1. May I ask you to list the trypsin sites (Lys or Arg not before Pro) in region 1085-1126 that are in a DSSP loop and have at most 15 other Cβ atoms within 10 Å of their Cβ?
2. Compute the length gained on full extension between Thr98 and His849: take 0.36 nm times their separation in residues and subtract their Cα-Cα distance, giving the result in nm to one decimal.
3. What is the spin-label model distance, in nm, from Tyr741 to Phe665 if the labels are put 7 Å beyond Cα along the C-beta direction?
4. Between Asp750 and Ser85, what FRET efficiency follows from the Cβ-Cβ distance if R0 is 51 Å, with the result rounded to 0.05?
5. Can you put Tyr927, Tyr772 in order, fewest other beta carbons within 10 Å first?
6. Given points 7 Å out from each Cα along the Cα-Cβ axis, report the Ser424 to Arg78 separation in nanometres with one decimal.
7. Over what distance in Å are the Cα centres of region 221-260 and region 185-203 separated?
8. Quick one: grab Rg to one decimal and Dmax as a whole number for region 1053-1136, Cα atoms only, in Å.
Amino acid sequence: MTIGERIRPAAHSGGPARPGPSRLLCVAAASTVAFLLVSGAVIAQSSLGSVQGTIKDSTGAVLPGATVVLVNQATNVRSERVTNSSGSYAFVNVRPGTYALTVEMQGFSKAEVPGLTVGVNETVTQQISLQIGAMTEAVEVSAPTVLLQTASAGLGNVIEEKVIKDVPMQGRNFTQLLMLTPGVSPVSTAQGPGQNGGDSTAINSFEGNSGIPGGFIANASIQGQQNRSKVFYVDGIINSSVRSGTYVALPDVDALQEFKVQSHSDRAEYGGVTGGVVNMTSKSGTNSFHGSAFGFFRQDGMTARDPYRDVLAGKGIEPPEFKQSQFGLNLGGPIARDRTYFFASYDGWRYRESAQVRHIVPVNDNWLNGDFTGFRPIYNPYSTRVVNGVLVRDAFPGNIIPANLISQTMQQLLRAYMVRPNLSGSDVVNNYNYVDFREQTNDSNSFQIKLDHHFSMNDSVFFRWTERRIEGLLPVGDVGFKTPEAINRNWGGGWLHSFSPSMILEARGGVATQLTEDAPLEHPAGLGVQQGTALPSLDELQGYVVSGLSQTPWNLPQLGVQGPRSRENPNWNVAADLTWLRGNHNFKTGFQMLQISRLQKNQFGELIYNSDPTRNGAGSASTGDVLAAALLGLPNQIRGYVPDLGFIDFHTSTLSGYFQDQWAFKPNLTVTYGLRYDYITRAVGDSGTMQSGPDFQTGQWLLALPAMPPVCADVNNAPPCLPKPLGQIPYNQYIVATGEYNSILPPIKDNFGPRVGVAWQINPATVLRTGYSLMWDSMVSRSQYGQHQFETWGWPQVSGFDTATINTIGDPVKPLESYSSLSIGLPRDQPWNSTNYFNAPGRKNAYSHQWHVEVQRELSKNMMVGAAYVGSYNGRMEYSGRAADPPVPAFDATGRRLTTAERDQLRKWPHITGQFRYSDDIGMSKYNGLQLKVQRRFAQGVTSMLSYTWSQTIDTSSGWFDAENGIGGRPVQNFWNIDDARGISAYDIPHILTWAGSWELPFGQGQRWLGDGAASWLLGNWQVSWWLMARSGQPMTVTAGGDPANMGYSNYARADLVGDPHLDDPSAAKWFNTAAFAAPVNAFGNSPKNNLRAPNFWNADLILQKNVPFRGMQVQFRLEAFNVLNHINEGNPNVDMTNVNYGRITSMSSRPRQLQIGFRFVY
């Protein structure tokens, strides 16, 4: 069965069917045409550029009626314009490339501008003065530098092909080059690879941000915005997993022409995110055949030691076995000269590594028989009682659990799946007593085909298909494993039509989709171990996993086996824009439709544990053990998923329209203004799925249904249904049907975004650029937070079954065996103890007021320097925490710890007791930065890009769902005290410096010296390329364990600050003053969030390259050194006060030096 076959859920009876791709594209096309007919327009996010200017005579008088011709030097495709009454001309929708510009007029000599370069989304201004003479005479005019942006005010850098091909790129991932743009930070708090200071693609990166393991990846924050708030386009076609702000299909860098990171745009055509738009242009064929083949190889003998990984008993060992190869080839050329072209590419990788797996596990199996001697004190949950108003428990005598209390089911599972130690005594480093090296693999094959056809000067079309397939083997624990696979596709095309030289239409449409098998856990013991136990509905679920076992002091993987877990994130976009050139105005208007969908299926059961059932009555962090709770069979939650019930199927859409005017007020002054509007539709459930969730304004539980559903017994459990008559459900007066489907997340209608920008060329070498924009986060993450409202942790949705939260301190004890008859399909009794994630009804998207001022100065024709101040204030940001918690610590005036019933009375709504995260749009953030860039376009053998940013970001939450808040996290200890959550952002990096470049040494064929002869072959045509990045450390927060504020669960609080946390000489053994923190007592922690920082980071990469030219072709031999100086960047310290490695650094960030040999054949 294919991934696609596995993922499609069967529609429930009466449920709406999902429209197929062809139907969606037809509907989208019809919508586009309708908008054109009504408004004369349709959008943007285009990757095309423009060329404009004014034609004058030698006296400075403008020349109307001059003929201006622009010819693509690679394809010979030409466009023609006639200057208007102001002597102005403009070419819009110009594909990036190199052009020749000519100007002719009777009575004047012809002017020729060869080598005019147009970049992605760049406006090139070429002013020309004609000289009196015969038209047969030609005067060559120098092309302007395009480094100075004289006609637009938006921020951004074009990364040209020379840089893409030549600078060191760890893993050949284009996101590394985003760092060459000021204001871009590589540090991410978002879920996925590169999180919390990491800069490498993970071995399990399949669904979004994929790449060869260990390759550099930047899930970047752009201009102080959250990491998710960015979007990727290739040729103007969406290539984003819009739910997470990651790319879908990783492009082969040899198939990219160039790309640009855009932010703070003064053009209303760009939007949908508050961060940045990454626009990439893929290569097209030309009138000559050209292409390349490449291979890059490395292995363990070319790798330096990792001082944290490659050690045993305190002594260094050799790096583990490792092999990596990346390879590919491409070819482009004409199908019909001057008309039809193709460009095709293939690239792949093979990755083999003997990866280190390490865990902290019990030293023997005595605990499996109930003997917890040497463990923290274990308390008997069955002894829980209230004495003088205080909840108390008795410790097990001798720390031994009686045999009659041990869960036979859990004992059997733990015996079969548990990781055992393989180290002891002095061989144990940093408490990791299981260390092994297990093979992991990751293989990928990708292809791309692009076709371009030019019908005439007025019409051209293109089509591109990109597909990347990835397969892997991931070790888990000692013998467990996963075998994920993914198919990432991005395809689409466009049409460019000129109604007249002054009116041009561009229309595009495409798809970005990810079909992923989300790696079910497998184990040699298989499912048979679980047969005959008390696990409910095992046959339907095809396996259980045991989760939550990595609580202090242990570090353990998930245990057990699972059934299949298919995922898909199909995105569809159709867009067009219409340009009208009139006088000195470049009017543009357009429309875009983006539909975001999520398909998800699960088949497995899960037992989730924590330490609370075995803590003392006060929930102290120094008591209890998660393994003891597991052995007792007292889970915190039991849930099961079956494919026909435990699936997600919904979509949401963004419809955007805009109008803008780029007004050349004077030849040296351009004013751009415009307005963008984004309409976000409802989150619409498909295949019978529905929304539900709490409303903390009213205390109600909302069901997005026309009427209250029937009782399950009356409809044979057909969802949606109630587990029993409404009148028998506790607090039923708060359970409300909203009266319509899909109503909890209604449309968002207020996203009006004005823009204005000014570009003033003070003199030929200096430009002042400034602008303001109101941006809206109208695309990113609506899909993911919308998913939470459809998830089967809601009510009465059902995935199979779900107990919600059970076995909390003070609640009745419910052992696993008491749920053995739990059946599939029946909702739980009531919604009030729900878990996981919900949203405030009517939650809206974030906005950002953005402003900047920049001065650019041309130092020479090919070099410029720019300095900018950039600022923003962002509102309606995600703010997420446990809203059902009491707003104050649950203690009375004497310090007595309140009972469960007394604590419930402190809640905003006493009947809502669930430990779920509740997300609202009441957060904020702000950013201020000073930025510097120095750029040299390739000339005389040298290209260079340097970027520096000094900035600060402050917020109330640094990510989504209370799950993306950096090292330590926990900004929101108390949902009802937002001021306590305000502070330095978890992705705030005050200083970032990047520098990349390439230098062709001036020796050898075609160079200044040693142009021929033996010395030329030996010493000539060498090239050096480099990459340097240095940045500040990421903020981090020290956390406390247990339940110090008596919220009824553990691990939510920050520590108390009782001293100076900084050390004069921090080291890996002790990075900060651990004695400066203490566990809170009867309170939330008082330490500010993010008041410490992880180590700074710097890295340098270098390439030595020999270019061998012959017969118009070239062979390149490369020796590449990543982390050439073998600088050991220390990883993140452990900030959990209860952890055995508290305050220590136990890993490095990034990798030690690795050498790579490679070749590229350019033909």
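1. On the way: sites: Lys1089, Arg1093, Lys1106, Arg1111, Arg1118; in loops: Lys1089, Arg1111.
Passing sites in region 1085-1126 are Arg1111.
2. Numbers: separation 751, 0.36 × 751 = 270.36 nm, distance 3.64 nm.
Full-extension gain reported as 266.7 nm.
3. The two pseudo-label positions are separated by 5.2 nm.
4. Numbers: r = 41 Å, r/R0 = 0.81.
Between Asp750 and Ser85 the formula returns 0.80.
5. Taking fewest neighbouring Cβ atoms as first place, the list is Tyr772, Tyr927.
6. My value for the distance between the label points is 8.7 nm.
7. 15 Å
8. 23.4, 80
Taken together, the values in this text are just the output of simple stated rules run on the coordinates, not laboratory data. All of these numbers come straight from a predicted model, not from anything done at the bench. Virtual Cβ from ideal backbone geometry, glycine too; neighbours counted across all protein chains shown.
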